[in-house]
Every structure is written in structure tokens, then in C-alpha cells.
Amino acid sequence: IELRILDLHDNDLKGSIPSTIGNLLNLSDLVISYNELTGNIPETFADLSELKLIHLHANRLRGTVPYLALKEGKSDSSFIADCGSPSDFGTPLNCSSCTMCCNANQECDVTKSQTPFVLISFIYIGSVVLALLLIATMLPAICNFICSFDKNATSTSNEIHAIGKDS
């Protein structure tokens, strides 16, 4: 099937997500939020490699969401699910692919897994700051070391001139 966009949000859908959804291999956008869907998310979700937008939040889904390679090379991807706390269930959805997690209060937060760029930036900036701090703390010792060479060179030079003058 060539279906690319399936938007069924806020349609009072009930029941579980059919496993045959994995047959929609060209699906890029799946929006089924704000319904009354229950049960686990089918493992066949992992077959949907073209997905760049998935909105599952505001349903009653549970369990673990199959890993989806949404974010790799697709910077505009969005995967929102009910993986935040507090949850309508004892445990929120386990979703390592989610870019945003919503909770039972319909509050949504960007997940930590969405921001590898930010993590890399923090590591880079932290390394630069650490290097600058090390240089700043070692600068007096480096100056003393260099200055001691200048003093030794000056005194040796003066001694040679003094010896050459008297001889």
C-alpha cells in the first residue's frame, strides 16, 4: 500500500493498534493521538522505516515501544507518546525512540534522547573550559619556568662579556 500519511487523531477510536500497520511500509506520518486506544504497540512498528512523525499520546497504550530509527538522518522527526510520569498506568510507556514524552496531566517534555547534539556541545564546551582552566592554573608556573631561562641566559651572557673584557 502506498499510504504515506495516516492522521486519525481525535476520532474516538477504541481497541488496540492492529499489527498489520507494519504493512504500510511507505508510511511517513502516523497521527493517532487523542483516542481511546489500548494495549501494547505492535512489534511491526519497527518495520516502518520511513516514519518521521508519530503521535501516539493521549491514549491508553502500555508496554515498550519498538525501537524506531526515526531520528537518524531525519532532523525534523517527531515521536510523541505517553512515556512521561505520572502515568495513567503504574508505569509509563518505555520509549527509547521518543522525541517527546507526555504524562497523564497532558504535559509534554522533550526527552533527553532527542538531543545528542546538545550532549556533544556540552562535552565540547566542557573540554574547552577545562583546558582554559588548566592553562590558567599552570600559567604562573610556565611564566616562572620561562623567566628562569631568561635570567640564566642573561647572567651567562653577562659572565662571558665580563670574562672577555678582563682578559
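The values are calculated or read from the model by the stated rules, or taken from the named source; none is laboratory data. This one's a predicted model, so the numbers in the text were calculated from it and none came from an experiment. Cβ coordinates were reconstructed from backbone atoms using ideal geometry, including for glycine residues, and neighbour counts include every protein chain displayed. These accessible areas exclude ligands, DNA and RNA; they are computed on the full protein's heavy atoms, side chains included. Shrake-Rupley method; radii C 1.70, N 1.55, O 1.52, S 1.80 Å.
The table below lists the values:
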quantity	calculated
Leu25 - accessible surface, heavy atoms, 1.4 Å probe, Å² rounded to 10	100
For Leu68, distant residues with modelled amide H under 5 Å away	Ser97
Linear extension gain, Leu134 paired with Ile5, 0.36 nm per residue minus alpha-carbon span	41.1 nm
Listed peptides 57-63, 14-20 by packing density, highest first (mean Cβ within 10 Å)	57-63, 14-20
Length added when fully stretched, Ile146-Asn26, from 0.36 nm per residue minus Cα-Cα	36.5 nm
